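The values are calculated or read from the model by the stated rules, or taken from the named source; none is laboratory data. Being a predicted model, the structure only gives us computed values, none of them experimental. All Cβ positions, even for glycine, are placed from backbone atoms using ideal geometry, and neighbour counts span all protein chains on display. Note: accessible area is taken over every heavy atom of the protein model, side chains too, but ligands, DNA and RNA are not part of it. Shrake-Rupley method; radii C 1.70, N 1.55, O 1.52, S 1.80 Å.
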Amino acid sequence: MHVRKNPGGYLSAAEIPLSRLYLCMAGVFFAAAVVWVYNLMNYSVFKIHWLMAALAFTKSTSLFFHSINYHFINTEGHPIEGWAVMYYITHLLKGALLFITLALIGTGWAFVKYILSDKEKKIFMIVIPLQVLANVAYIIIESTEEGSSEYYVWKEILFLVDLICCGAILFPVVWSVCACGITAMNLEKLKLFRHYYVMIVCYIYFTRIIAILLKITMPFQWQWCYEFLVEVSTLIFFVLTGYKFRPASNNPYLQLPQDEDDVENDEVVTESGALEGVSKVKKTSNGREHQKESTL
């Protein structure tokens, strides 16, 4: 039986460069992750910083297995089951870590608070299952013939669910922006959150809309450039996010209140005569208490 294939392998001309592309990008993401971990060793860091490192390493591992998967498809005409399963597992993990990390940064978790509000928890209850569904849809698309009816159904499901997830992770950032007060330090945090919001919007807009439009207009043999643009934009987004929220003493996101106007006033209000004489207490950022006045 005669088997048809291109001179370069079983993949099309638009897909042959993908194996090398994914392998190179895996190396770049791995190098970025190593640099990030090296910087973490020099500072007092939060749990979210290590989660960001885990995301970068998982992204690198996912791209590595993706490269191997494409290599065997090109040389053997079909994927090797073991390598394909490893890619799908790391791809699922990477997708979940990405949206969890972005949402946690947006809420300020681990940096400035350790408890999520009810509405923030609801965002995670919505985003995480949707992200799992989006990754399952992607896996089905990867293993389905492009001409089949199931392919286009799951492709539409993937696009819709992915947009919903991207829109949902913007809410914690907006809530954090609205929660910032008018103090000088909070204005710095407000500026940082606004920049983060713009970064996410630009990343979503480019990878979900602009890059797809470019793919449609590109010649067939250059359509691999779509994956290149997506991976490079993801790398830039990761680097900018790491730079904005890096563990540094001058990072406004990590600074605790220092001025008298920035501290919270915990007032005890007397409601009956039995509580007369109870003092109002003002707590400073380092936990010390000062008596302010007596409620007579």
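With the cut-off at 29 Å, tell me which of the pairs K122/K215; K119/K215; K59/K215; K122/K244; K94/K244 have Cα atoms farther apart than that. Present the calculation step by step, with values, prior to reporting the outcome.
On the way: K122/K215 35 Å; K119/K215 38 Å; K59/K215 23 Å; K122/K244 26 Å; K94/K244 21 Å.
Pairs exceeding 29 Å: K122/K215; K119/K215.
At a probe radius of 1.4 Å, what is the per-residue accessible area of I157, in Å² to the nearest 10?
Its accessible surface works out to 60 Å², give or take rounding.
If you rank W83, W224 by how much accessible surface each has, with a 1.4 Å probe, what is the order from largest down? Intermediate values should be presented prior to the final figure.
On the way: W83 95, W224 60 Å².
Order by accessible area, largest first: W83, W224.
How far, in nm, would the chain grow between R194 and Y152 when pulled straight, counting 0.36 nm per residue and subtracting the alpha carbon separation?
Values: separation 42, 0.36 × 42 = 15.12 nm, distance 3.66 nm.
That pair, R194 and Y152, stretches by 11.5 nm at full extension.
With each pseudo-label sitting 7 Å past Cα toward Cβ, what's the L229-W50 distance in nm, one decimal?
3.9 nm
For segment 33-103, treating each Cα as an identical point scatterer without solvent, what Debye log10 I(q)/I(0) comes out at q = 0.14, 0.21, 0.28 1/Å?
Scattering profile of segment 33-103, log10 relative to I(0): -0.52, -0.84, -1.13.
Sorted by mean Cβ packing within 10 Å, highest first, what order do the peptides 29-39, 161-171, 209-219 take? Walk me through the numbers on the way to the answer.
Values: 29-39: 16.5, 161-171: 18.3, 209-219: 12.7.
Listed from highest to lowest mean packing, they are 161-171, 29-39, 209-219.
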